[in-house]
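Below is one structure, written out as structure tokens; comments come after it.
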Amino acid sequence: MLELTPIGYVRTSLGTKVEAARQPRAGGAAAGRIELLPGRNFEHALADLDAWDYIWVLFWFDRNAGWRPKVLPPRSRTGRKGVFATRSPHRPNPLGLSAVRLVRIEGLTLQVRDLDMLDGTPVLDLKPYVPYTDAIAGVGSGWLERDAGEAPADPIAPYAVEWSAVAAERALWVEQRTGLSLRERATATLTLGPEPHPYRRIRRAPLGFILAVKEWRLHFAVAGRAVSVATVTSGHRAARIAARDGASAELAVHREFRERWPE
């Protein structure tokens, strides 16, 4: 019988799957912390770990029910792939493995960056990332190469993303009011390409495409390998924003946004 017990939990601002990055150090990856459980001698287990810049985090995809033999990865241009050929969370045993930057250790808390895990994710183990053995130079990129037709240096960032002055101004306004890294998140998503995809929340529109980032909508067009973001709008309906009774702080921000930029 196999038994696994969490040694701690991830604490981050990422609360839902659509908010999280698809890989560590990809757009949307967040700063946060890993809080180890007290009373289990983990203070001693952490000795000497602070000498490493990166660590491997082995964790449990606790929000997933069941598994799928074939999945549609965000980077795929040629349909579904076998789950063992992907990093998908929909696995027979929902184990995750990510290399994250270790900032510092404070007691039983590890301050980290480049998290692609959700808040509350159970952590099963920690190991140092050892560059001379963990980084393998000159290896292939599997179906990522076949989808792209070649072996690019960075197979997940083939498109250049440009922002209009209007879109940049509105994105900055949203970031200042909400703390959401809207421009960074959207740019990282759009570098993967404009094709409509359920994981990337892209859909076609009469004059181009629309990307959803939480409750905000980014309208963009594509020419060759360039993506041009034209504007940012609220994703809430005007009637909902206008209903002031019992309105949340989130809706108040959207109301202020629409008053500043009427549609």
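Of all the numbered requirements in (1) of a type outside the set (Phe, Trp, Tyr); (2) assigned to a helix (DSSP H, G or I); (3) open to solvent by less than 40 Å² (accessible area, probe 1.4 Å), residue 43 misses one, and that requirement is (3).
When we screen 134, 154, 147 for residues that are modelled with pLDDT under 75 and surrounded by 10 or more Cβ atoms within 10 Å (Cβ to Cβ), the only hit is 147.
The single condition among (1) modelled with pLDDT of 85 or more; (2) among the aliphatic types (A, V, I, L, M); (3) out of contact with any Asp or Glu (no Cβ under 8 Å at 6 or more places or on another chain) that residue 182 does not satisfy is (3). Those residues that are buried (at least 19 other Cβ atoms within 10 Å of the Cβ) and either closer than 18 Å to residue 117 by Cα or aromatic (Phe, Trp, Tyr) (or both), I need them from the range 56-72; list them, please. Scanning the range 56-72 gives 57, 59, 61.
I'd like to know if the range 108-115 contains one or more residues that are open to solvent by less than 80 Å² (accessible area, probe 1.4 Å), at pLDDT below 85 and closer than 21 Å to residue 201 by Cα. Within the range 108-115 (the criterion being open to solvent by less than 80 Å² (accessible area, probe 1.4 Å), at pLDDT below 85 and closer than 21 Å to residue 201 by Cα), the answer is no, since none of the residues qualifies.
The values are calculated or read from the model by the stated rules, or taken from the named source; none is laboratory data. Worth saying up front: this structure is predicted, and the values here are computed from it rather than measured. Methodologically, a virtual Cβ is constructed for each residue, glycine included, from the backbone with ideal geometry; neighbour enumeration extends over all protein chains shown. Please note that ligands, DNA and RNA were not included when accessible areas were found on the heavy atoms of the full protein model with its side chains. Shrake-Rupley method; radii C 1.70, N 1.55, O 1.52, S 1.80 Å.
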